[in-house]
Amino acid sequence: MHSSDNRRAKNIIVAQAIASLLIAAIGFVFGMWTAIAALLGGAIATIANALFAVWVFGRYRADEPGKLTSQFYGGEFLKLGFIAIAFAVVIIWLKPLSPLAFFGAFFFVQVVPPMLANRLAG
C-alpha cells in the first residue's frame, strides 16, 4: 500500500476507535448498559474495518494488481462474516441490550469517519 493510503487507513481506524469511545461516553449518561451497547456497536464497526484493511492492503503488492480485486472480495467477506458473528454474540449474550445504542453506534462509527477521510488524512 502506498504510504499516504496506509496513513489514511490508519487515521480512519483511529478515528473510528475514538468515535466509539465518545459514543460510549455519551451513552453512559443514559446508563451503564446503554454505554456498553454503544461501545460494542462501535467496536464491531472499528474491528471489522481494521480486519478489512489488513486483509486487503497488508498483503498488497504493486507487481500483482490482478490479485487486488480478489483481496477486496475476500476482505469484504471477512468483514461481513465478522460483523454477523459479532452481532449474534452481542444480541444473544448482552442482557439488557439497548438496540438503539448498539445499532446507532455501529452505524455512526461505520459511516462518519470514512466520510471525513480526506480531512483525517490531511
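Within the range 10-25, how many residues turn out to be of a type in the set (Gly, Ala, Ser) and farther than 10 Å from Ala38 by Cβ?
3
For the range 93-108: of the residues being among the aliphatic types (A, V, I, L, M) and at pLDDT 95 or above, which is farthest from Arg8 (Cα to Cα)? It would help to see each step written out before you state the result.
The initial filter retains those residues of the range 93-108 that are among the aliphatic types (A, V, I, L, M), namely 94, 97, 100-101, 105.
Now drop any that are not at pLDDT 95 or above, which leaves 100-101, 105.
Values: Leu100: 30, Ala101: 28, Ala105: 22 Å.
For the range 93-108, the residue satisfying everything is Leu100.
Being surrounded by 15 or more Cβ atoms within 10 Å (Cβ to Cβ), assigned to a helix (DSSP H, G or I), at pLDDT below 95 and not polar (S, T, N, Q) is true for just one of Gly74, Gly42. Which residue is that?
Gly74
Can you tell me which condition Phe52 does not meet? The list is (1) surrounded by 16 or more Cβ atoms within 10 Å (Cβ to Cβ); (2) at pLDDT 95 or above; (3) closer than 18 Å to Pro113 by Cα, and all the others hold.
For Phe52, the failing item is (2).
Within the range 1-26, can you find the residues that are under 16 Å from Val56 (Cα atoms) and modelled with pLDDT under 90?
Step one: filter the range 1-26 for residues under 16 Å from Val56 (Cα atoms), giving 1-10, 12-13.
Within the range 1-26, Met1, His2, Ser3, Ser4, Asp5, Asn6, Arg7, Arg8, Ala9, Lys10, Ile12 meet the criteria.
The values are calculated or read from the model by the stated rules, or taken from the named source; none is laboratory data. These numbers come from a predicted model, not from an experiment. Here Cβ is always computed from backbone atoms with ideal geometry, including for glycine, and neighbour counts include all displayed protein chains.
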